[in-house]
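Notes follow the structure.
Please treat every number below as a calculation from the coordinates, not as lab data. All of these numbers come straight from a predicted model, not from anything done at the bench. Cβ: placed from backbone, ideal geometry, glycine included. Neighbour counts: every protein chain shown.
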Amino acid sequence: MFSIGHLSDLHATPVRFEGVQQLLNKRFFGWLSWHLRRRRVYRPDILGALIEDLREVAPQQVVVTGDLTNVALESEFDAARVWLGRIGSPERVFVVPGNHDAYVSVPRSRSWDRWSEYLASDAPHGAGEIASGDAEFPTFRRRGPVALVGLCSAHPTGIFRATGSVGPGQLERLEALLTEFAGVDVCRVVLVHHPITDGATSPRRSLSDAAALRAVLRRAGADLVLHGHNHRTQLFQVPGPEGPIPVVGVRSSSYMGRKPGKRAHYHIYDLEPGAGGRPGARCRVVMRIRAYDPESGRFRSEGEQTL
């Protein structure tokens, strides 16, 4: 048995501009949204309570599926690095970026490179052509009976759009990795920020090549796909070569607004290879939900289910 904690959409970094030049693009609208509403409902104290609970629950690995920042300011990447340090060491915490982390075009040296150890693969791996310490995607980590594959769907978009794409290069390497581990007794977990199923979100927020990604999964297989982006708990399935593959979206890790259906959650997954809980499954997956309780100011159990 191996346990994974899944967080997403932290949005706990303050938006502080150092000059008007930083506002002369899409960031102006993001700052306006943050100033008028988002800074009140995405709260650092909620994320702090989540991290305290995460220490008590103590999953063996933590994955973060993007949107650590709000408008991709350089200061936000530094602040997000501090949050990552509070969550855990780079060996224990694995990150893929989200669309807010690519809100506008920013050089890697001033953005994601601040988190390079949290993004990076473990070691060179033949099938995926992934270099040790490199943050080229897909990234790959092997943790005991689990193989984690991280995709990047984040890239800058126009105003009022939050779409993403993976691209043919990532898809080719993803298929090679998933195929290589198809004959190995491990649970294959794919991480991506955007949802991959039709109807999961609006066209202006969707993954443009989701159909191509689903085609890879249909051919090569996987045991679990995790995403964020929608700030809601979403459970879907997509076809795989041996049966349906569960696809799960998690809520924001810091939301405490007026919508109970979006209130902060994180998930724990208990994975056990060779003990499938559904027809055709190679891996038993149990999902446990940890939910923020505003009365106690703490996270608590909100049920579990076998996927």
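For Arg284, the residues whose modelled amide H falls within less than 5 Å of its own, excluding neighbours fewer than 5 places apart on the same chain, are Glu272, Gly274, Ala275, Gly276, Gly277. State whether the stretch 133-228 is rounded, prolate or oblate according to the following rule on the C-alpha gyration tensor (a ≥ b ≥ c being the square roots of its eigenvalues): a/c under 1.5 gives rounded; otherwise a/b larger than b/c gives prolate, and the remaining case gives oblate. Note, shape of the stretch 133-228 comes out prolate.
Extending 7 Å from the Cα toward the beta-carbon at both Ser89 and Arg300 defines two label points whose distance is 3.4 nm.
Of all DSSP beta bridges located in the stretch 197-252, what percent are antiparallel, nearest 5?
Percent antiparallel among DSSP bridges in the stretch 197-252 is about 70.
Among beta bridges identified by DSSP and lying wholly in the stretch 137-198, the antiparallel ones come to about 50 percent. Of all DSSP beta bridges confined to the chain, the antiparallel ones make up roughly 65%.
Structure remark: mean-square fluctuation, Gaussian network model of the chain, C-alpha springs under 10 Å; the largest value among Pro244, Pro107, Pro145 belongs to Pro107. Using just the C-alpha positions of the stretch 1-78 as equal point scatterers, what log10 of I(q)/I(0) does the Debye formula give at each q in 0.19, 0.23, 0.26 1/Å? Log10 of I(q)/I(0), two decimals: -0.84, -1.07, -1.25.
With θ taken as phi - 60° and the Karplus curve 6.51 cos²θ - 1.76 cosθ + 1.60 applied, the whole-hertz 3J(HN,Hα) list for the stretch 3-8 is 10, 10, x, 10, 10, 7 Hz, x standing for glycine and proline. For the chain, the spherically averaged projection of the C-alpha convex hull amounts to 14.3 nm². For the chain, the relative contact order comes to 19 percent (Cα pairs under 8 Å, sequence separation of at least 6). For the stretch 209-307, applying the loop criterion from DSSP together with a ceiling of 12 other beta carbons within 10 Å to the GluC sites (Glu not before Pro) yields Glu295.
Computed packing ranks the peptides 248-257, 26-35, 162-171, 94-103 as 94-103, 248-257, 162-171, 26-35, most packed first, by mean other Cβ atoms within 10 Å.
What the Kirkwood sum gives for the stretch 142-196 is a hydrodynamic radius of 12.7 Å, with every pair of different alpha carbons counted. A Förster radius of 30 Å, combined with the Cβ-Cβ distance separating Ser33 from Arg218, puts the computed FRET efficiency at roughly 0.20.
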